[in-house]
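Since the structure comes first, as structure tokens, the remarks are kept for the end.
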Amino acid sequence: MKTKLNILFAACLFAGTAYSQEPQTKTKTTTTTTTETEQKATPDTVVKVEQAPAAEKQEAKSSDEWKGFHIGAVGQATFTDIKLNGDNGELTTEYVVGYGAGGFIGYFFNPHVELRAEALYSSLAQRVIINETKRDLNLSYINFPLLLGLHSGYNKSVSINIVAGPQIGINTGSSLDGEGSEGVDTVQATVKVKPADIGFAYGAGLDFGFGPEKLVHLNVGFRGVAGIVDISDESNNTTTNNYYILDRSKLRTYSGYAGLSLKF
């Protein structure tokens with residue numbers, strides 16, 4: 001009888017031990033699976049976090065490289081259109097090519113936005129035909145445009161731009177060449193202009209970048225200027241044999257230009 005009780009006691013003890021070990025094994029397995037999942041997710045998360053700032057830094061660096069000043073030189077061919085006084089005979093005009101040259105300095109806030117100041121000498125001309133007598137009206141100015149430029153991407157090989165802004169011109173000379181009788185009681189046309197002109201400059205062009213970093217550019221395009229003030233000066237009285245050929249005249253010019261610029 002005692003032997004049977006011992007066997008029964010041992011069987012109960014073994015069952016209790018097996019029952020207590022089973023949950024521990026399951027719990028341990030669950031813990032291991034969770035740890036592995038966290039370890040697999042961690043590298044992906046780290047990569048995504050690191051890649052986003054790197055792209056932003058690259059873009060910021062590219063933009064910062066194009067902040068700064070550019071200098072350059074430009075030459076241009078110009079056609080001039082001025083309203084003239086035709087009260088003293090039959091008057092027609094013809095276009096004559098003028099010329100100009102100068103330099104500029106621009107500040108780029110980024111590859112797309114520029115503020116530019118220029119200083120240009122311009123020799124302007126227009127042919128006047130009065131009663132079949134041909135004479136050339138010549139004007140010269142030193143112009144100072146201040147322009148806002150918008151670029152499609154100045155750091156690229158080819159970029160399109162548009163510019164616009166005010167311009168102040170200082171007159172440095174005026175003449176009406178080809179003296180002679182105009183056939184109306186020998187009355188002669190004379191010219192006199194005000195010392196300064198104010199206009200609105202506008203234009204568009206192409207920029208071609210050279211070199212690995214596109215720091216040197218060839219610039220070509222069109223530039224127009226619409227005068228907004230009367231340049232004619234009638235402050236002095238004329239003699240009976242003379243009259244002013246400019247009468248409430250505003251200066252308008254149309255130019256083609258080519259130039260070179262360098263970032264520094």
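Since every read-out is calculated from the coordinates, none of them should be taken as a lab result. All values reported here derive from a predicted model rather than from experimental measurement. So basically every Cβ, Gly included, is an ideal-geometry build from the backbone, and we count neighbours across all protein chains shown.
Here are a few things to note about the model shown:
- Lys pairs, segment 67-263 - Cα-Cα below 25 angstrom, 8 or more residues apart or on other chains: 15
- Over segment 67-263, the hull volume per residue, using the convex hull of the C-alpha atoms, is 97 Å³.
- Here the scattering of segment 96-146 is modelled by Debye summation over its C-alpha atoms, one equal scatterer each and no solvent; at q = 0.12, 0.24, 0.30 Å⁻¹ the log10 of I(q)/I(0) is -0.44, -0.87, -1.04.
- Around the amide H of residue 215, modelled in the peptide plane, lie the amide H atoms of 210, all under 5 Å away and 5 or more residues distant in sequence or on another chain.
- FRET efficiency for residue 260 and residue 190, using Cβ-Cβ distance with R0 set to 41 Å, rounded to 0.05: 0.50
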